[in-house]
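One structure below.
Each value in this text was obtained by applying a stated rule to the coordinates, not by laboratory testing. Computed from a prediction, not measured in an experiment: that's the story for all the values here. Cβ placement follows ideal geometry from the backbone for every residue including glycine, while neighbour counts extend to all protein chains displayed.
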Amino acid sequence: MAISTGSKVIRTAVFISGTGSNLKSLIKFSKLKISPISINLIVSNNTKSKGLKYANIFKIKKKIFTFKNKTDEKKILVELKKNKIDLICLAGFMKILSKTFIKNFKGRILNIHPSLLPKFKGLNTHERAINKKEKYSGCTVHFVNSKLDSGKIILQKKVKIKKSDTPKTLAKRILSQEHRLYPKAILKVFNL
Ligand code: GAR
C-alpha cells in the first residue's frame with residue numbers, strides 16, 4: 001500500500017466543496033516536520049466553499065472548476081500537471097470524479113468518508129447510522145477507485161453513537177476524529 005517518497009516532499013492538491021475543516025487540519029499537518037506532504041493547490045467545484053478562505057489565509061493557490069463536463073476535468077488535469085501535483089486528497093469534495101480522471105491519478109487519490117466503510121457509502125451517513133440503530137459509526141480514509149467509496153481502506157476510527165445523538169451531534173464528534181485520522185492515514189500511506 002505504501003507509496004515511496006524517496007526524500008522529496010509530495011506536492012498535494014486538496015479538493016473541497018464546503019467548510020474545509022479537513023483542509024485546515026491537512027494544512028496544519030503539512031507544516032509539521034514529520035509531514036511528507038506540502039499543500040500546493042486547493043481545488044473546489046463551488047465558488048461559495050467556505051474552505052476557500054484557507055487559500056488566502058495560508059497563501060495557497062486556489063482553482064475553481066464546475067466539474068460539470070469532461071472539458072473541466074481536462075483543464076484540472078492540466079492545472080495539476082502545471083503545479084507538479086503528485087497526490088490528491090479529497091476532503092469533503094461532493095463531486096464524483098470520472099473513471100478517466102481517476103485513471104490519470106491511479107493510486108494517488110485519497111478520500112475521507114464519514115462512516116465506517118463499507119457501511120453507509122454515499123450521503124446522509126450519520127442519519128442512516130442512527131436510523132439503523134448502529135452502536136458505532138466513525139470515519140474512513142481510503143484510496144479512490146472508480147466505484148463510489150469503495151477503494152482500499154487505509155485507516156478507520158470508530159466513534160460510539162449515543163442514545164441522545166442527532167445526525168448533527170454525531171457529525172460533529174466524527175468530524176473532530178476526521179481531523180486526526182487524515183494525517184495519520186497519510187503517514188501510513190507513505191510508510192512513516
Ligand atoms: C466531512 O465530514 C467529510 O468526511 C464529508 O464531508 C465533510 C466535510 O467537512 N465528506 C463526504 O461526505 C464525502 N462523501 P469539511 O468541509 O469541514 O472538511
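For this structure, a couple of remarks:
- When the trypsin sites (Lys or Arg not before Pro) in segment 34-114 are filtered for DSSP coil states and for at most 13 other beta-carbon atoms within 10 Å of their beta-carbon, the remaining sites are 48, 59, 68, 84, 106.
- Based on C-alpha pairs under 8 angstrom that are at least 6 apart in sequence, segment 36-138 has a relative contact order of 19 percent.
- Here's the list of lysines a cross-link from residue 75 could span, going by alpha-carbon distance under 17 Å and ignoring same-chain residues fewer than 8 apart: 61, 62, 63, 84, 95, 99, 103.
- In the distance distribution for the chain, Cα-Cα pairs more than 21 Å apart total 49 percent.
- Only aspartates and glutamates eight or more places from residue 8 in sequence, or on another chain, were considered; those with a Cα closer than 14 Å are 86.
- Relative to the dominant Cα principal axis of the chain, helix 167-189 is inclined by about 40°.
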